[in-house]
Each structure stands twice: as structure tokens, then as C-alpha cells.
Amino acid sequence: MGIMEIVAELMAVSARTAPKAGGKDFTEIKVLKRDDLEKLASDMEKYGQESGKANFDRDAKNVRNSDSVLLVSLNDAKIVGLNCGACGVSDCKELNVDSIEGTEFTGPWCAWRLIDLGIALGSAVKTASLHNADNRIMYRIGVSARRLNLIDGQVIVGVPVSVSGKNIYFDR
């Protein structure tokens, strides 16, 4: 196992142990190694062409040049039950979580479950930073990871990691 794969595994630990609303964890986490990166990058390019959406090709190049990719998803998340209105309805019982299929992900979701996903991602990239591993949170990776069924989940985000003399994810 290469050093960046170890860093990605440590990132997965950070995502798993990140605080979650009500102490309930609906995240799925997976580390993709070199073998899966080409398949992921190819689908990102394909989806960008099919959808006409910009920068899927650019991010695919980043995936190809990465050492590994961390995937974090929200999978069948239950409502927290705070009746806070952050999702757009005042009573949690009114939130229709029957997974309406969007163009790339499904929804709607309890806002606190999406915050859980964000906290898990923040914890993961903090760990990458502690190890001086270049990384960047990318929604486009999640689109193709979902298309390829690389991880269970209705909302997926990817974090590629790399080590080189210059951060490949910035100044692109």
C-alpha cells in the first residue's frame, strides 16, 4: 500500500468518526485505489460530454493524476426530527424523503444530514492537510461514482489525494 493510500485510509477514519446529528451515522465511506481511478475518470469525461456540463474533463484529469480518491456518501438518511425548517418545511413529518431522482443525485434531504456529510468531508480533508497531502473536495467525482455504483448513496462527494511538487488541484 502506498503512502497516499494510507493517508486516504486515515481520511476515511476521520470521516467515520466525525460527529453526526443525534449520534446517527448515515454516511458510507470508501477509498478508491489506482485500479478504479481510470474507470472513474473515463466516466467523468463521458458524463461531461453527454450532459454538456463544464469541467468534468478537467476534474477527470485530476483523478487520473491522483494517488487515490476518498468517496463519502449520504445513504438512506433518516430525518433528525428537530422541526427546524432548514429543509424548507416546518414539520419534519412533511419532508418527503421518498428520494426524488434528480439529474445527478436524489433528494430532498434533512438539512442536518447534509451538514453531517459536510462535517465528515471537513474532517477528512483536515486529516489530509495534517499529512501535507494535496486534496480537493469535488462534487463531479460523486456524480460518476454514483453512475458507476462505486459506493452506496444518494448524494456522493469525492476527495482526490496527491503528493507532488505542486498542488494539481489548484491553478488548473
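Please treat every number below as a calculation from the coordinates, not as lab data. Since we're looking at a predicted model, the values are computed, not measured. Glycine also receives a Cβ, built like all others from the backbone with ideal geometry; neighbour counts cover every protein chain displayed.
Assorted remarks:
- Between region 5-32 and region 89-154, the Cα center-to-center distance that results, in Å: 12
- Selection from Val80, Ala111, Ala133 lying farthest towards where the dipole of region 3-162 points positive, charges on Cβ: Ala133
- The chain: calculated mean residue ellipticity at 222 nm from DSSP helix runs of at least 4, using -39500 (n - 2.57): -13500 deg cm²/dmol
- Restraint check, Lys53/Lys78; Lys24/Lys78; Lys24/Lys126; Lys20/Lys78; Lys33/Lys53, Cα-Cα greater than 20 Å: Lys53/Lys78; Lys24/Lys126; Lys33/Lys53
- Computed from the Cβ-Cβ distance with R0 of 22 Å, the FRET efficiency linking Leu130 to Asp171 stands at 0.45.
- Relative contact order of the chain, taken over Cα pairs closer than 8 Å and 6 or more residues apart, is 31 percent.
- Most positive-pole-ward Cα, Phe170, Ser68, Asn55, against dipole of the chain from beta carbon charges: Phe170
- For the chain, the Cβ-based charge dipole about the Cα centre amounts to some 340 debye (Lys, Arg positive; Asp, Glu negative; other atoms uncharged).
- For the peptides 39-51, 78-90, 23-35, the ranking by mean Cβ contacts within 10 Å, running from highest to lowest, is 39-51, 23-35, 78-90.
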